[in-house]
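Written below as structure tokens is the structure these notes are about.
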Amino acid sequence: MVRPRTFFKKAKEIGCRTMRLDTEKRLHQEIMLYRDMGFVEIGTYYDNPLADILYLEKQMS
């Protein structure tokens, strides 16, 4: 299992500047975890056929 801090550190080392993810709005605990890790809500960034999706992004700077 990879710890989030290790994952983010490695991603930054290899040049990742932004991470994006999407999740279902009903997954409240997961969304709180993502926000605690620095993800913020953004607008839709691709055409997703699923309803009630939340889009999140984290700047790796």
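What follows is calculated from the coordinates using simple rules that are stated; it is not laboratory data. Owing to the predicted nature of the structure, the values given are computational and were not obtained by experimental measurement. Here the Cβ is made from the backbone with ideal geometry for all residues, glycine too, and neighbour counts use every protein chain on show.
Of the residues making up segment 7-43, just one is among the polar types (S, T, N, Q) and loosely packed, with under 10 Cβ neighbours inside 10 Å, namely 29. Inside segment 26-40, can you point out the residues that are over 13 Å from the mean Cα position of the chain (by Cα) and touching a residue at least 24 places away in the same chain (Cβ under 8 Å)? 26 - this is the single residue of segment 26-40 that is over 13 Å from the mean Cα position of the chain (by Cα) and touching a residue at least 24 places away in the same chain (Cβ under 8 Å). Screening segment 44-56 for residues that are hydrophobic (A, V, I, L, M, F, W, C) and within 14 Å of the chain's Cα centre (by Cα) and picking the one that is surrounded by the fewest Cβ atoms within 10 Å (Cβ to Cβ) gives 53.
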